[in-house]
Amino acid sequence: MRAWQLDDFGLKNLRLADRPTPRPQEGQILVKVSAVSLNYRDKAIVDGVYDPEKMPKGLIPVNDAAGVVAEVGPGVTEWQVGDRVLSHFYSHWLEGPPGPDEPDWQLGGPLDGGLAEYMILEAKSAVPAPANLTDQQAATLPIAALTAWFALVEYGRLRPGQSVLVQGTGGVSLFAVQFATALGARVIATSSSDDKLRRAAALGAGDLVNYRTHPDWADEVLRLTDGRGVDHVVEVVAGEGLNQSVRATKAAGHIALVGFLGGQTAPLDVMPLLYSQAAIRGIAVGHRRAFVEMNRWIEKNGLEPVIDSVFAFEDARQAYERLEEGPFGKVVIRVGDEDQ
Ligand SMILES: NC(=O)c1ccc[n+]([C@@H]2O[C@H](COP(=O)([O-])OP(=O)(O)OC[C@H]3O[C@@H](n4cnc5c(N)ncnc54)[C@H](OP(=O)(O)O)[C@@H]3O)[C@@H](O)[C@H]2O)c1
């Protein structure tokens, strides 16, 4: 099979190679990949800044994949050839609290991922694709959508009428806008670009703050919420900005700590957090049970992911470059011939 493999860190070391097509072992399925989508972590892995010591040489990168079951291994009863499936990032985390070793079982690094014509999934871990989405659309869900869902619905218990602050217009944030809007929440979105803010408004964001022209964006959020702050923050930035998020959060509100676009350490002012009694909750994508529930909800509510661009398999490196440019919507790579 043809597969992109990362021989060493750096995009120039991502190479299209010929590899033996893997055979499914006990409890596994072989998936013919139709499409994958890129996340921030995929770029961070190539750049050698995401758990570099854990990434094997020759890794097939990228978790988020949609495809069709091509072969089932011995003992598999969950799937049949032809079923449409999605990869599940924390491939051993099925339900309940995470175990201590979940990161060891992340697809797309340290385990091989989906940027190849075929990939192996655990039968118990693979997830049915929503029937209302094409494979290219469905390939955007495994990390970005599930993370937003886990932050707002699984842990956040978002209720209609509550308010949600969404930072920037990256993959996680746009799904958060879409979920929160559809669930009846008020969405405040930030971005570095007025044009992207207008597009976020079209997805449902009712209040817009440009964080470039308003570096003290928490003041704007407080102004928009009569000084109270929001019920939920989907925190994808962290770093120095975490203190602004605490200020922008309602008393006893919920900060879902998702990302580190602003830095992997955060100097936290303790007293404001203590007085506000807000909860900061770490988020690690989500478990399979929530993924299945989210997909049912997506089917029922007809949610369609925002796709920025679709690249041919041979142009995978250009897809990574597009991610670097700050797209509006997900960057997808077509692997198979059809988009079913
Ligand atoms: N914990 C988890 O489970 C989990 C899951 C998924 C992602 N993540 C993390 O979450 C973060 C976002 O991931 P993603 O895949 O959604 O990224 P992405 O699609 O690459 O998002 C990039 C966008 O983030 C916005 N941004 C960048 N710096 C910002 C800043 N200082 N303030 C506000 N917005 C900023 C920009 O939006 P504008 O162009 O609109 O300004 C940029 O276009 C990353 O750190 C990623 O590793 C964590």
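For region 260-284, which residues satisfy the criterion of being open to solvent by less than 30 Å² (accessible area, probe 1.4 Å) and either without any contact (Cβ under 8 Å) to a residue 12 or more places away in the chain or out of contact with any His (no Cβ under 9 Å at 6 or more places or on another chain) (or both)?
GLY263, SER276, ILE283 - these are the residues of region 260-284 that are open to solvent by less than 30 Å² (accessible area, probe 1.4 Å) and either without any contact (Cβ under 8 Å) to a residue 12 or more places away in the chain or out of contact with any His (no Cβ under 9 Å at 6 or more places or on another chain) (or both).
Every residue in region 223-259 that is surrounded by fewer than 16 Cβ atoms within 10 Å (Cβ to Cβ) and away from the ligand (no atom under 16 Å from the Cβ), please.
Across region 223-259, the qualifying residues are ARG223, ASP226, GLY227, ARG228, ALA251, ALA252.
Keeping to region 41-64, report how many residues are more than 15 Å from the chain's Cα centre (by Cα), charged (D, E, K, R) and either under 21 Å from GLY171 (Cβ atoms) or assigned to a helix (DSSP H, G or I) (or both).
Result for region 41-64: 4.
If GLU293 satisfies all but one of (1) surrounded by fewer than 19 Cβ atoms within 10 Å (Cβ to Cβ); (2) within 16 Å of the ligand (Cβ to nearest atom), what's the number of the condition it fails?
(2)
Let's see how each residue does on (1) more than 20 Å from ARG289 (Cα to Cα); (2) among the aliphatic types (A, V, I, L, M):
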site	(1), (2)
LYS54	yes, no
LYS57	yes, no
ILE60	yes, yes
ALA65	no, yes
GLY73	yes, no
GLY82	yes, no
VAL85	no, yes
GLY109	yes, no
GLU117	yes, no
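With respect to VAL177, is the statement that it is out of contact with any Gly (no Cβ under 9 Å at 6 or more places or on another chain) and open to solvent by less than 10 Å² (accessible area, probe 1.4 Å) true?
For VAL177, the condition - out of contact with any Gly (no Cβ under 9 Å at 6 or more places or on another chain) and open to solvent by less than 10 Å² (accessible area, probe 1.4 Å) - is not met.
Across region 78-103, what is the total count of residues that are touching a residue at least 40 places away in the same chain (Cβ under 8 Å) and over 25 Å from GLU117 (Cβ atoms)?
Summing the residues that are touching a residue at least 40 places away in the same chain (Cβ under 8 Å) and over 25 Å from GLU117 (Cβ atoms) in region 78-103 gives 7.
When only residues in region 7-24 that are in contact (Cβ under 8 Å) with a residue 40 or more places away in the chain, farther than 15 Å from PHE313 by Cα and touching a strand residue (DSSP E or B) at 6+ places or on another chain (Cβ under 8 Å) count, which is most open to solvent (accessible area, probe 1.4 Å)?
Once the filter is applied, the top-ranked residue is ARG23.
Need the failing condition index for ARG212 against (1) crowded, with 18+ Cβ neighbours inside 10 Å; (2) in a loop (DSSP other than H, G, I, E, B); (3) within 11 Å of the ligand (Cβ to nearest atom), just the number.
(1)
The values are calculated or read from the model by the stated rules, or taken from the named source; none is laboratory data. Every value quoted in this text rests on a predicted model; they were computed, and no experiment measured them. Using ideal geometry, Cβ is built from the backbone for each residue, glycine included, and neighbour counts are taken over all protein chains shown. Note: accessible area is taken over every heavy atom of the protein model, side chains too, but ligands, DNA and RNA are not part of it. Shrake-Rupley method; radii C 1.70, N 1.55, O 1.52, S 1.80 Å.
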